[in-house]
Amino acid sequence: ALAIIINMVLVGPPPLEQCIPGEEVPFNIRAYLNVTLDGQPFTVPANIGITSECITPLHTHEDDGTIHMQFFKPTRFTLGNFIKLWDLDLNQYDVKIFIKNITEDDFYEVEAGVDINTIFLGKDMKIRMELTSR
């Protein structure tokens with residue numbers, strides 16, 4: 001418990017509980033999310049993680065699926081972090097996730113049952129998420 005208290009005092013709250021002052025921060029990368037629902041395009045909304053009071057380090061500006069990751073230092077965000085911010089309830093869907101990292105030539109399917117909180121978003125990563133209604 002002492003380590004947690006020291007970490008909170010020295011480091012501050014977790015990145016997703018902080019606001020960034022603007023887009024000009026040292027760590028600035030993007031990932032791209034394409035979602036379908038029952039085979040049809042499903043829009044990733046604009047302004048996820050953005051309110052009039054705060055821009056969180058993980059956010060969207062447009063409804064084109066571009067996920068911005070911006071913070072004071074390199075920070076690892078997960079697909080689960082983003083889905084939580086979006087407030088998308090995946091429990092009502094069968095979910096298939098395909099990923100293409102910048103160094104790979106093609107998408108690969110993430111094993112069924114993998115926790116989305118263990119899928120780290122990387123620079124220029126492309127994610128295809130296929131949702132099927134249950």
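List of remarks:
- Matching residues, segment 28-40, being in a strand (DSSP E or B) and either in contact (Cβ under 8 Å) with a residue 12 or more places away in the chain or buried (at least 19 other Cβ atoms within 10 Å of the Cβ) (or both): N28, I29, R30, A31, Y32, L33, N34, V35, T36, L37
Residues checked against (1) touching a Pro at 6+ places or on another chain (Cβ under 7 Å); (2) over 19 Å from I29 (Cβ atoms):
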| residue | (1), (2) |
| --- | --- |
| P45 | no, yes |
| M69 | yes, no |
| F72 | yes, no |
| G80 | no, no |
| V95 | no, yes |
| Y108 | no, yes |
| D115 | no, yes |
| G122 | no, no |
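Yes/no per residue for (1) out of contact with any strand residue (DSSP E or B) (no Cβ under 8 Å at 6 or more places or on another chain); (2) of a type in the set (A, V, I, L, M, F, W, C); (3) open to solvent by less than 50 Å² (accessible area, probe 1.4 Å):
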{"site": "G22", "(1), (2), (3)": "no, no, yes"}
{"site": "F42", "(1), (2), (3)": "no, yes, no"}
{"site": "G49", "(1), (2), (3)": "no, no, yes"}
{"site": "T56", "(1), (2), (3)": "no, no, yes"}
{"site": "R76", "(1), (2), (3)": "no, no, no"}
{"site": "D89", "(1), (2), (3)": "yes, no, no"}
{"site": "G122", "(1), (2), (3)": "no, no, yes"}
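- Segment 64-114: number of residues that are of a type in the set (S, T, Y) and under 21 Å from T132 (Cβ atoms): 2
- The single condition among (1) part of a loop (DSSP other than H, G, I, E, B); (2) within 19 Å of I116 (Cα to Cα); (3) in contact with a Phe, Trp or Tyr (Cβ under 7 Å, 6 or more places away or on another chain) that V44 does not satisfy is (3).
- Pairs where the first residue, in segment 1-26, is modelled with pLDDT under 85 and the second is among the polar types (S, T, N, Q), C-beta under 8 Å, 6+ apart: G12/Q18; E23/Q70
- Looking only at segment 94-120, and only at residues there that are closer than 16 Å to F82 by Cα and touching a residue at least 40 places away in the same chain (Cβ under 8 Å), the one that is least open to solvent (accessible area, probe 1.4 Å): I119
The values are calculated or read from the model by the stated rules, or taken from the named source; none is laboratory data. Every value quoted in this text rests on a predicted model; they were computed, and no experiment measured them. FYI the Cβ positions are ideal-geometry reconstructions off the backbone, even for glycines, and counts take in every protein chain you see. These area figures cover heavy atoms from the full protein model, side chains too; ligands, DNA and RNA do not enter into them. Shrake-Rupley method; radii C 1.70, N 1.55, O 1.52, S 1.80 Å.
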